[in-house]
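Encoded as structure tokens, the structure appears first; notes follow it.
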Amino acid sequence: MYQECPQKYKLKYVDGLPEKPKSFFSFGRSVHTALEHFYSVAKPPAPGLAQVMAYYRAHWVKEGYKDAAEEAKYLKEGERILGEFHAIHAPGFKPALFAEYRFNIKVDGIPVTGFVDRIDRLAGDRIAITDYKTGKAFGEDRVKTDAQLTMYQM
């Protein structure tokens, strides 16, 4: 945001001026919350699909949709995403090392705070960092230029 418009960044992050809710943020937060719930258990088995869906609906963020039809469309899309995610990840479920991990680092002396959606322990001393995306897919070239992904690596 700072690169796009420093004044916009200042108004939001320095002055704390609230923004009008946007559907894609509400949708993303709703799905992320359900996925965080999925990984909240300390040991297998994974929460059942019905439990994940109930949690998703109970924590649905209603703000930002232009009308009830748009909200219903997003709600259904989230159910589809969560259903596919559950089908893939529930059978071999392993608890996450961290879900919604907050980090604070300094980059060239400037404090940077953020969140990583999920961190999983792999074999040996390796980890996998997962950043959920509920929006449109992006090309692999973005991985090489995205500041957010660079921060995760740091």
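The values are calculated or read from the model by the stated rules, or taken from the named source; none is laboratory data. Since we're looking at a predicted model, the values are computed, not measured. Note: ideal-geometry Cβ built from the backbone for every residue, glycine included; neighbour counts use all protein chains shown. SASA here: full protein model, heavy atoms, side chains in, ligands and nucleic acids out. Shrake-Rupley method; radii C 1.70, N 1.55, O 1.52, S 1.80 Å.
Things worth noting here:
- Meets criteria (over 17 Å from the mean Cα position of the chain (by Cα) and open to solvent by less than 70 Å² (accessible area, probe 1.4 Å)) for Glu100: no
- Residue match in region 42-62 (condition: closer than 23 Å to Arg126 by Cβ, under 17 Å from the mean Cα position of the chain (by Cα) and loosely packed, with under 10 Cβ neighbours inside 10 Å): no
- Qualifying residue in region 77-92 (condition: without any contact (Cβ under 8 Å) to a residue 12 or more places away in the chain, farther than 25 Å from Lys136 by Cα and in a loop (DSSP other than H, G, I, E, B)): yes
- Condition check for Ala46: part of a loop (DSSP other than H, G, I, E, B), within 29 Å of Gly92 (Cβ to Cβ) and in contact with a helix residue (DSSP H, G or I) (Cβ under 9 Å, 6 or more places away or on another chain): yes
- Tyr74 being in a helix (DSSP H, G or I), surrounded by 10 or more Cβ atoms within 10 Å (Cβ to Cβ) and either in contact with a Gly (Cβ under 7 Å, 6 or more places away or on another chain) or at positive phi (or both): no
- When Ala147 is tested against (1) open to solvent by 50 Å² or more (accessible area, probe 1.4 Å); (2) at pLDDT 95 or above, only condition (2) is not met.
- Residue that is nearest to Tyr74 (Cα to Cα), among those in region 114-132 that are open to solvent by 80 Å² or more (accessible area, probe 1.4 Å) and without any contact (Cβ under 8 Å) to a residue 24 or more places away in the chain: Phe115
- When the residues of region 55-71 are filtered to those that are in a helix (DSSP H, G or I) and acidic (Asp, Glu), the one that is nearest to His32 (Cα to Cα) is Glu71.
- Contacts under 6 angstrom Cβ, first residue in region 43-63 being touching a residue at least 24 places away in the same chain (Cβ under 8 Å), partner part of a loop (DSSP other than H, G, I, E, B) and surrounded by 12 or more Cβ atoms within 10 Å (Cβ to Cβ), 6 or more apart: Pro44/Phe93; Ala46/Ala90; Ala46/Phe93; Glu63/Pro21
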